[in-house]
Amino acid sequence: MTITESDILNAKVLIVDDQVANVQLLEQLLSEAGYTGVSSTMNPQEVCALHGKNRYDLILLDLKMPGMDGFQVMEGLKTNDADRYLPVIVLTAEPGHKLRVAGRCEGLHQQAV
């Protein structure tokens, strides 16, 4: 199966961040790059239900959010056996989170950058 540029630009992408400015910036950057299937939520409790409904191809996930952090969101996403592989890019401004991400994402396909 060949993935075309159109397939990539039409991918379903979910942005999850509690900061309006971050959501707007990511939406603008992706839109300017030609992505058409971008949606967002500022409520991390909605992510699992949204993914169940929309079957996202990629989730851009902030780690530090009130009520439910990004680690808890990833734990919830892991409970869905239908998702053998769901790309999640973790976003954080906290320098110490890199090691925590690597240590807490056991069972997820991951790469710390």
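The values are calculated or read from the model by the stated rules, or taken from the named source; none is laboratory data. It should be emphasised that the depicted structure is a prediction, and the values quoted were computed from it without experimental measurement. Because the Cβ atoms are built from the backbone with ideal geometry, glycine has one as well, and the counts that use them run over all protein chains shown.
Data for the structure
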item	result
Index of the failed condition, Asn80 passing every other in (1) surrounded by fewer than 18 Cβ atoms within 10 Å (Cβ to Cβ); (2) in contact with a helix residue (DSSP H, G or I) (Cβ under 8 Å, 6 or more places away or on another chain); (3) modelled with pLDDT of 80 or more	(3)
Output for region 17-68, where each listed residue is over 11 Å from the mean Cα position of the chain (by Cα), acidic (Asp, Glu) and surrounded by fewer than 16 Cβ atoms within 10 Å (Cβ to Cβ)	Glu32, Glu46
Some residue of region 2-14 being in contact (Cβ under 8 Å) with a residue 24 or more places away in the chain, more than 14 Å from Leu91 (Cβ to Cβ), touching a Ser or Thr at 6+ places or on another chain (Cβ under 6 Å) and not in a helix (DSSP H, G or I)	yes
Residue match in region 74-82 (condition: closer than 25 Å to Glu5 by Cβ and in contact (Cβ under 8 Å) with a residue 24 or more places away in the chain)	no
Subset of region 48-61 [touching a Ser or Thr at 6+ places or on another chain (Cβ under 7 Å) and either touching a residue at least 60 places away in the same chain (Cβ under 8 Å) or more than 16 Å from Gln72 (Cβ to Cβ) (or both)]	none
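Rundown of residues vs (1) acidic (Asp, Glu); (2) within 23 Å of Met74 (Cα to Cα), yes/no style:
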| residue | (1), (2) |
| --- | --- |
| Ile3 | no, no |
| Asp7 | yes, no |
| Asn10 | no, no |
| Ala21 | no, yes |
| Leu26 | no, yes |
| Ala33 | no, no |
| Ser40 | no, yes |
| Glu46 | yes, yes |
